[in-house]
Every structure is written in C-alpha cells, then in structure tokens.
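Enquirer: Sharing a structure with you now.
The values are calculated or read from the model by the stated rules, or taken from the named source; none is laboratory data. Owing to the predicted nature of the structure, the values given are computational and were not obtained by experimental measurement. With ideal geometry, Cβ positions are generated from the backbone for all residues, glycine too; neighbour counts draw on all protein chains shown. Heavy atoms of the whole protein, side chains included, go into the accessibility calculation; ligands, DNA and RNA do not. Shrake-Rupley method; radii C 1.70, N 1.55, O 1.52, S 1.80 Å.
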Amino acid sequence: MGIVTPGFRGRGRDSAPELPPGQYLTHDFPVLSAGPTPHVETDDWALTVTTEAGARSRWSWRDLLALPQETPTVDLHCVTKWSKLGTRWRGVSLDVLLEDVETAADFALVRCFDGYTTNLPLEDLLDGQAWVAHEYDGEPLARAHGGPARLLVPHLYLWKSAKWISGIELSDTDEPGFWEQLGYHDYGDPWREQRYAGD
Amino acid sequence: MPGPLPWLPAYLVERRPETAAAATLVLGVPGWPGHLPGQHVDVRLTADDGYSTQRSYSLAAPDHGATVELTVQRVADGEVSPFLVDDLAIGDPVELRGPVGGWFVWSPTLPTRTLLVAGGSGVVPLMAMVRARHEAGAAAPMRLVYSVRTPDDVLYAAELERRGRLDEGLEIHVVHTRRAPPGDARPTGRLTREEIGSLAWPATEEVLTYVCGPTGFVDQVAGDLVALGYDDHRIRTERFGATGG
C-alpha cells in the first residue's frame, strides 16, 4: 500500500471491479496522438504484411471489406489511466489476415500512415486477440480515432492499437516502436500495470 | 534493463492560486531525477483504507532539482482534482512517479523557432517551455498563442505579461473565445486558420510546433497548420493539460 494522503477519501471502490490497477472509468472516448490527424482516403488505403523473408501480402480497402468480418465488444485501457468498457467494433481478425502468411517470426512491428510504429509479439496478434477495425459503434471509424482503419489489440494498453495502420512487419527480432523507444513498456499489459520501461 | 520508475513521496510545500478554478502545487520530492519541459508525472493518492487512484499532470516548471510544480484545474465532479486544488494540506504527502513522456519535450538548446499553441489548461506544459527559455537565456524565437475563454481563466497571467514584455524574442498572444478584456481590438471567438496564419511564422521557415489543449482544439489547430503548409512531422501534439478528473 502506498503512502496515505490525510483527508483523501476518493470514491469508486465498487464502481468498476473489472478495471486494471491504476485505471479509472470514463464514458468519453478521449483522443491521444503524437501529431496531427492524417487524411487517408479509403482509395489510398492499403495494408501490407511483410514476412521475415521479405514476402509481401497486400490488401486494398475493397479486399479488406470482402474478408469475413467480426464484431468484437471489448474494453479499452489507455496508459494515461482512463478505461472505457464495452466498446463495439467491426473489423477483420488478424487470424484471417495472417492465415496464409508463411512465417516463423516471433515479433511484429506495426507501421502507420503518419509514421507511427508500435511493436508486439506476433502471438498477441493471433487467436482472436486482434483486429484491423474500421467501424466503431456502428459507424465508419472517425479519423481522429484512426479511420479509415486501425489495429485493435485490446488486451494491451491502447498505444499498441495503432491508428491509421498501413503495415505489419514480421521479424525474428523485437524492434521497439515509437512510444517503446520513449520510455514506455515494451509489452504493455494493463493487468500487470506495465506502463513504463522496467515496470 | 532499468528498474521500474519508483513512486516517490512528494510533500506539498506551497499552493499558489492561479484562477478561481486552478492552483499550482509546489511539491518537494526528495530524489526527483529531473525532467524536461513538456513532460508529465503520475500522481497517486491513497486513502486510509488502502483505496488508491492515479492521474497524470503536466509539469508547469523546468527542472529545479527536488522541487516540482503541477498546475491542477478543478474538474467538476472530479475525484482527484478538487482534492488537490482545495484540500491537500501543506506538508502532507502524495506519491509521484516520473518524469513521463519523451516526445512532447522542448530544450532551450534547440536552434529553431518554436511555436506554442495552447487551448485552456493545455498551456501548462507550454509554460514550462516559456520558463525554461527564460531561465536559460535562450535566444531562439518563441511564440505562444494561448486561447482561453475569458480573462479570468488565464493561467499565469501576470507572469506571461511580464515574460512577453521583457524576454527578447518571445511573443505572447492571448486570444479570448467568450469574453475579452475591455479595449481588446480582437472580437471574441475561436482561433481561425487565417488568424493562426497571421500569428505563426510562414510555413517556409523552420519551425517546431507544440499544440496542447482539448482534443477538438488540438485537432483544429494542427489541421489548420498542416493546411497552411506546416510539416506535419514538426508538429507535436498533446491532448489536455492540467485535466484528468
């Protein structure tokens, strides 16, 4: 237990028992980005997966919409402390996208249209844990939230759910992404409160 | 592999009212490792039954050794900010972890022009940059455009007026969206793209830009700057300043 601050009562002890440690509940959908929101038209959008051997697979916007769609309802946990529960999305599971990709890689580096990157173990993208999402709450995904499409990997802190996704590079080595190079945790499990390097 | 950033006890040394709804907390933090202008900290409060909660706050002043300053805006119905603004007693502890954030940071050694655009309490991390420039005697030009509802909501009003008058190469532009001071020639209202264009340097100049404020403000301003020809890779954004419930 931390040092007690005299007079501090707080609240919310029983409001949301499903929250990870150090998180508080919000009903808004805050936006956090390191720079301006990019304009990406669906005609210009494409997702490229590159294997450790250099093989490329590419999906256009039409290709993405033609794949089997899923509608996950998931909880979001941002490293800046807010959590939002029961968010509704529509998108394509990474299991579908990576089904025919020949790889023995352990790691993935996700790239985005604004130059943002984030890294995670490949196994965290598989087995129903991650999607390329293009609808939120029944509407096309707003630009500020990553539209036309973002990665959604809700079991990790939200900076891993890269907005404006453009590609995934598979690799034998773990290459730190944007925030991971700037002191944030390499993996980012909210339930173990892995906010910053060394947590 | 470095160890985790430790939680440090931080003791309230001084509380400076800034506006009716905001105060600066000066905290003594033995062992504070130092920080850069623009960085923030995590604050943890623990009740006597063990319940605890955390929030992030921007650092309002540059590195001054074992003393840090947070400017906290009271959020209506907030769990933490009303306690920090009104109730935390001098000498009492909270816990603090940081510094956090390595992107929205500024250094007085940067040779380029710096454009700072603040919406409301988003001015807090930008004020740390204005103060760091002053303390370092840095010469590179800096402009702060600060959008705020009314004159009563201006944080650091007297200091900003003084810095703008005395610090060579620093310009301060306060714009009011709801009510302006008597005699202000500018009509009240939001910053327009044209106005940002007139207050900022031409896009042909090399400028590093920091925008901080509520989401809608940041998106609008950053989008306007890109439309004016600013390089989107030289615009750093941060949503919210001294908010957080």
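Enquirer: Tell me yes or no: at least one residue of region A:58-78 is on the phi > 0 side of the Ramachandran plot, at pLDDT below 95 and within 14 Å of chain B (Cβ to nearest Cβ). Show your work before the answer.
Expert: First pass over region A:58-78, keeping only residues on the phi > 0 side of the Ramachandran plot: none.
So far as region A:58-78 goes, no, none of its residues is on the phi > 0 side of the Ramachandran plot, at pLDDT below 95 and within 14 Å of chain B (Cβ to nearest Cβ).
Enquirer: Which residue, of B:Y210, B:Y230, is surrounded by 20 or more Cβ atoms within 10 Å (Cβ to Cβ) and over 20 Å from B:P125 (Cα atoms)? First the steps, then the outcome.
Expert: Numbers: B:Y210 fails: over 20 Å from B:P125 (Cα atoms).
B:Y230 is the lone residue from the list that is surrounded by 20 or more Cβ atoms within 10 Å (Cβ to Cβ) and over 20 Å from B:P125 (Cα atoms).
Enquirer: Looking only at region A:59-86, count how many residues are assigned to a strand (DSSP E or B) and in contact (Cβ under 8 Å) with a residue 60 or more places away in the chain.
Expert: Step one: filter region A:59-86 for residues assigned to a strand (DSSP E or B), giving A:59-60, A:70, A:73-77, A:82-86.
Filter again for in contact (Cβ under 8 Å) with a residue 60 or more places away in the chain, leaving A:70, A:74-77, A:83, A:85.
Number satisfying all stated conditions: 7.
Enquirer: Follow-up. Using the structure shown, decide if B:E168 is modelled with pLDDT of 95 or more and assigned to a helix (DSSP H, G or I).
Expert: Working: modelled with pLDDT of 95 or more: yes; assigned to a helix (DSSP H, G or I): no.
So B:E168 fails the test.
Enquirer: Moving to a separate point now. Give me the pairs: first residue in region B:69-84 and touching a residue at least 60 places away in the same chain (Cβ under 8 Å), second residue of a type in the set (D, E), beta-carbon distance under 9 Å, and six or more apart or on different chains, which are they?
Expert: Sorted first by the residue in region B:69-84, then by its partner, the pairs are B:T71/B:E18; B:Q73/B:E18.
Enquirer: So in region B:1-19, with the set limited to residues that are within 14 Å of chain A (Cβ to nearest Cβ) and exposed (fewer than 14 other Cβ atoms within 10 Å of the Cβ), which one is modelled with the highest pLDDT?
Expert: B:P6
Enquirer: Given the structure, is A:P121 open to solvent by 10 Å² or more (accessible area, probe 1.4 Å) and either within 14 Å of another protein chain (Cβ to nearest Cβ) or within 26 Å of B:D219 (Cβ to Cβ) (or both)?
Expert: Working: open to solvent by 10 Å² or more (accessible area, probe 1.4 Å): yes; either within 14 Å of another protein chain (Cβ to nearest Cβ) or within 26 Å of B:D219 (Cβ to Cβ) (or both): no.
Taking the combined requirement at face value, the residue does not satisfy it.
Enquirer: While we're here: Looking at region A:144-163, which of the residues that are open to solvent by 10 Å² or more (accessible area, probe 1.4 Å), in contact (Cβ under 8 Å) with a residue 60 or more places away in the chain and in a loop (DSSP other than H, G, I, E, B) is farthest from A:H39 (Cα to Cα)?
Expert: My answer is A:P154.
Enquirer: Keeping to region A:97-114, report how many residues are in contact (Cβ under 8 Å) with a residue 12 or more places away in the chain and either within 14 Å of chain B (Cβ to nearest Cβ) or open to solvent by 40 Å² or more (accessible area, probe 1.4 Å) (or both).
Expert: The initial filter retains those residues of region A:97-114 that are in contact (Cβ under 8 Å) with a residue 12 or more places away in the chain, namely A:97-98, A:100-114.
Filter once more, keeping what is either within 14 Å of chain B (Cβ to nearest Cβ) or open to solvent by 40 Å² or more (accessible area, probe 1.4 Å) (or both): A:100, A:102-104, A:106-107, A:111-114.
Here the count works out to 10.
Enquirer: Could you please find all residues in region A:164-199 being basic (K, R) and surrounded by fewer than 19 Cβ atoms within 10 Å (Cβ to Cβ)?
Expert: As a first pass, look at region A:164-199 and keep what is basic (K, R): A:192, A:195.
A:R192 - this is the single residue of region A:164-199 that is basic (K, R) and surrounded by fewer than 19 Cβ atoms within 10 Å (Cβ to Cβ).
Enquirer: Residue by residue through region B:28-78, note down the ones that are away from every other protein chain (no Cβ under 12 Å) and either among the polar types (S, T, N, Q) or assigned to a strand (DSSP E or B) (or both).
Expert: Hits for region B:28-78 are B:G28, B:L59, B:H64, B:T67, B:V68, B:E69, B:L70, B:T71, B:V72, B:Q73.
Enquirer: Moving on. Is it the case that region B:117-138 has a residue that's surrounded by fewer than 24 Cβ atoms within 10 Å (Cβ to Cβ) and in a loop (DSSP other than H, G, I, E, B)?
Expert: yes
Enquirer: Another question, then. Scan region A:86-105 residue by residue and report those that are within 11 Å of A:Q69 (Cα to Cα) and among the β-branched types (V, I, T).
Expert: A:V92, A:V96
Enquirer: Would you mention how many residues in region B:99-116 are among the aromatic types (F, W, Y) and open to solvent by less than 40 Å² (accessible area, probe 1.4 Å)? Explain how you work it out, then say what you get.
Expert: Pass one, region B:99-116, residues among the aromatic types (F, W, Y): B:103-104, B:106.
So of that shortlist, the ones also open to solvent by less than 40 Å² (accessible area, probe 1.4 Å) come out as B:104, B:106.
Selection size over region B:99-116: 2.
Enquirer: Follow-up question, since we're still on this one. Using beta carbons and a limit of 9 Å, which pairs, at least six apart or on different chains, have the first residue in region B:161-179 and closer than 22 Å to B:A136 by Cβ and surrounded by fewer than 17 Cβ atoms within 10 Å (Cβ to Cβ) and the second one among the acidic types (D, E) and modelled with pLDDT of 95 or more?
Expert: Every condition considered, the pairs that remain are B:G164/B:E171.
Enquirer: Also, I was wondering about something else. Please find, within region B:84-98, the residue that is most open to solvent (accessible area, probe 1.4 Å) out of those that are in contact with a Lys or Arg (Cβ under 8 Å, 6 or more places away or on another chain) and not in a loop (DSSP other than H, G, I, E, B).
Expert: Quick first cut of region B:84-98, residues in contact with a Lys or Arg (Cβ under 8 Å, 6 or more places away or on another chain) only: B:85-86, B:88, B:90, B:94-97.
Narrowing the set further to residues that are not in a loop (DSSP other than H, G, I, E, B) leaves B:85-86, B:94-97.
Working: B:V85: 13, B:D86: 79, B:V94: 3, B:E95: 12, B:L96: 0, B:R97: 14 Å².
That would be B:D86.
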